[in-house]
Amino acid sequence: MTRQTFVRITWRLLPTLMVSYSSALAQTVEERLASAEAAVANAQTAGDNAWMLGCSALVLMMTGPGLALFYGGLVRRKNVLATMMQSFILMAVMSVLWVLIGYSLAFAKGNALVGGLDYIFLRGVGAEPSGYAATIPHQTFMIFQLMFAIITPALITGAFAERMKFSAMLRFCTLWALIVYFPLAHMVWGDGGLLNAFLGGVIPALDFAGGTVVHISSGFSALVCALYLGKRLGYPKTQMMPHNLVISVIGACLLWVGWFGFNAGSALAAGGLASNAFVTTHLGAAAATIGWLLIEWIRLGKPTVLGGISGAVAGLVGITPAAGFVTPMAALAIGFLAGVICFLGVTELKKRLGYDDTLDAFG
């Protein structure tokens with residue numbers, strides 16, 4: 001073949017070769033882009049899942065050892081083990097109840113008041129994401145929500161500490177979860193729930209991390225328990241001082257740390273929303289501690305350790321429903337007001353109404 005012939009054939013084939021090369025190059029770029037997008041999605045899923053599993057452990061820590069130590073130190077010495085056991089056993093009882101039927105009643109599709117039975121015995125709750133969180137396994141979302149179901153009835157036990165039998169406490173908490181907590185969780189967070197602002201609720205209510213589902217429900221239930229059971233023998237004439245504030249301080253600190261999982265974890269992803277909830281949670285607790293101690297100093301002449309840890313818990317409760325919706329500066333205001341108002345609830349309101357809320361769960 002002569003040189004001229006080779007050049008002529010090559011020139012004729014050049015457009016075809018260019019098209020083939022361009023097509024192959026485009027295919028390679030598309031494959032690489034798709035591969036990169038898949039890698040990013042997998043990394044996001046893995047990161048969010050790791051964050052949510054960590055938050056689930058933090059929320060469990062709030063009940064045991066956090067709440068167990070906090071409540072255990074506030075009761076009289078003879079009742080410390082019984083009080084701590086109430087928090088401990090609820091970690092077991094509520095877990096079993098939740099996976100058998102509770103999760104389904106709270107988060108399966110049902111009516112406006114309660115979920116159906118689609119997820120009974122965790123049927124269909126596996127590694128695939130759910131409609132509630134797109135980047136984590138359904139099972140991870142389920143276990144995170146379980147930790148809320150554990151601590152809520154445990155909070156109520158502070159109202160009837162030192163005066164309810166263990167067997168009666170178990171019956172009450174089981175029935176309370178079935179009748180109150182599971183339906184309320186569905187109404188506020190569940191698909192089609194009456195109060196779910198994000199999923200077409202009839203009465204839209206914003207509750208970022210459990211102000212209604214956990215704290216209002218447990219607080220008012222605690223008041224009902226205190227009123228129904230009546231006062232402890234000797235109350236209020238006999239002084240019933242905390243037996244060990246040291247362990248209560250440790251418990252309060254564990255609650256403060258665990259609350260980051262409670263609130264920041266409610267973002268259901270490791271993103272900017274979680275960061276905001278983390279920051280507002282911390283500032284709410286800090287401001288409430290200062291607010292409680294300040295009014296205590298003014299009213300009683302000195303600040304106390306019990307007042308400081310009570311203020312911190314009040315601030316954590318106060319910021320919970322708003323943690324993902326407000327700015328850090330607003331969190332300071334919410335926390336400070338929570339500290340002042342809860343101090344008045346524990347001192348003035350309790351005194352005037354005369355009920356015996358043992359560990360001030362309602363106040």
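The values are calculated or read from the model by the stated rules, or taken from the named source; none is laboratory data. This one's a predicted model, so the numbers in the text were calculated from it and none came from an experiment. With ideal geometry, Cβ positions are generated from the backbone for all residues, glycine too; neighbour counts draw on all protein chains shown. These area figures cover heavy atoms from the full protein model, side chains too; ligands, DNA and RNA do not enter into them. Shrake-Rupley method; radii C 1.70, N 1.55, O 1.52, S 1.80 Å.
For the range 107-125, does any single residue satisfy the condition of being closer than 27 Å to A361 by Cβ and within 18 Å of the chain's Cα centre (by Cα)?
Yes, the range 107-125 has at least one match.
What number goes with the only condition from (1) part of a helix (DSSP H, G or I); (2) among the β-branched types (V, I, T); (3) open to solvent by 10 Å² or more (accessible area, probe 1.4 Å); (4) in contact with a Ser or Thr (Cβ under 9 Å, 6 or more places away or on another chain) that T174 does not pass?
(4)
From V214, V249, V257, grab the single residue that is closer than 27 Å to A338 by Cβ and loosely packed, with under 15 Cβ neighbours inside 10 Å.
Only one candidate passes the filter, namely V257.
Pairs, please: C-beta under 8 Å, at least 6 apart or cross-chain, first residue free of Cβ contacts under 8 Å to residues at least 24 places away in the same chain and more than 23 Å from H243 (Cβ to Cβ) and in the range 350-363, second assigned to a helix (DSSP H, G or I) and open to solvent by 20 Å² or more (accessible area, probe 1.4 Å)?
none
Looking only at the range 224-239, filter to residues that are among the aliphatic types (A, V, I, L, M) and surrounded by fewer than 18 Cβ atoms within 10 Å (Cβ to Cβ); which one of those is nearest to G315 (Cα to Cα)?
Step by step, filter the range 224-239, then rank; the result is V224.
Out of M164, M187, which single residue is open to solvent by 20 Å² or more (accessible area, probe 1.4 Å), in contact (Cβ under 8 Å) with a residue 40 or more places away in the chain and within 18 Å of the chain's Cα centre (by Cα)?
Checking each option against the conditions leaves just M187.
How about the range 48-66: which of its residues are in contact with a Ser or Thr (Cβ under 7 Å, 6 or more places away or on another chain) and over 17 Å from P153 (Cα atoms)?
Across the range 48-66, the qualifying residues are D48, N49, M52, L53.
Find the helices (runs of 4 or more DSSP H) located wholly in the range 255-361 whose residues include 2 or more that are closer than 17 Å to G158 by Cα, and list them.
Fully inside the range 255-361 and qualifying: 305-319, 328-344.
So for the range 81-96 (the condition being closer than 30 Å to K350 by Cα, at pLDDT 95 or above, among the β-branched types (V, I, T) and open to solvent by less than 10 Å² (accessible area, probe 1.4 Å)), does at least one residue qualify?
Yes, because at least one residue in the range 81-96 is closer than 30 Å to K350 by Cα, at pLDDT 95 or above, among the β-branched types (V, I, T) and open to solvent by less than 10 Å² (accessible area, probe 1.4 Å).
Could you check the range 123-132 and list, in sequence order, the residues that are within 15 Å of I143 (Cα to Cα) and open to solvent by 80 Å² or more (accessible area, probe 1.4 Å)?
R123, A127, E128
Kindly indicate whether L344 is out of contact with any helix residue (DSSP H, G or I) (no Cβ under 7 Å at 6 or more places or on another chain), farther than 20 Å from Q145 by Cβ and modelled with pLDDT under 95.
no
Hey, among the residues in the range 342-363 that are small (G, A, S) and closer than 22 Å to G73 by Cα, which one's farthest from the chain's Cα centre (by Cα)?
Restricting to residues being small (G, A, S) and closer than 22 Å to G73 by Cα, the top hit is G345.
For the range 135-173, which residues satisfy the criterion of being hydroxyl-bearing (S, T, Y) and within 21 Å of H243 (Cβ to Cβ)?
If the condition is that a residue be hydroxyl-bearing (S, T, Y) and within 21 Å of H243 (Cβ to Cβ), then T157 is the only one that fits.
Do any residues in the range 109-122 that are farther than 13 Å from A185 by Cβ and open to solvent by 40 Å² or more (accessible area, probe 1.4 Å) have Cβ atoms under 8 Å from those of residues that are of a type in the set (K, R) and assigned to a loop (DSSP other than H, G, I, E, B), where the two are at least six apart or on different chains, and which pairs are they?
Close Cβ pairs (under 8 Å, with a partner that is of a type in the set (K, R) and assigned to a loop (DSSP other than H, G, I, E, B)) amount to D118/K109.
Does V305 qualify as being under 30 Å from A134 (Cα atoms) and either of a type outside the set (A, V, I, L, M, F, W, C) or touching a Ser or Thr at 6+ places or on another chain (Cβ under 9 Å) (or both)?
It is false that V305 is under 30 Å from A134 (Cα atoms) and either of a type outside the set (A, V, I, L, M, F, W, C) or touching a Ser or Thr at 6+ places or on another chain (Cβ under 9 Å) (or both).
How many residues are within 13 Å of S310 (Cα to Cα) and not in a helix (DSSP H, G or I) if we restrict to the range 243-254?
0
Among residues belonging to the range 82-95 that are more than 19 Å from the chain's Cα centre (by Cα) and among the hydrophobic types (A, V, I, L, M, F, W, C), point out the one that is farthest from E162 (Cα to Cα).
Ranking the candidates gives I89 first.
Please work out if V202 is of a type in the set (V, I, T), within 29 Å of Y228 (Cα to Cα) and open to solvent by 40 Å² or more (accessible area, probe 1.4 Å).
No; evaluated as a whole, the condition is false for this residue.
Only one of A331, A338, A322 is within 19 Å of L67 (Cβ to Cβ) and surrounded by 20 or more Cβ atoms within 10 Å (Cβ to Cβ); which?
Just one listed residue meets the conditions, A338.
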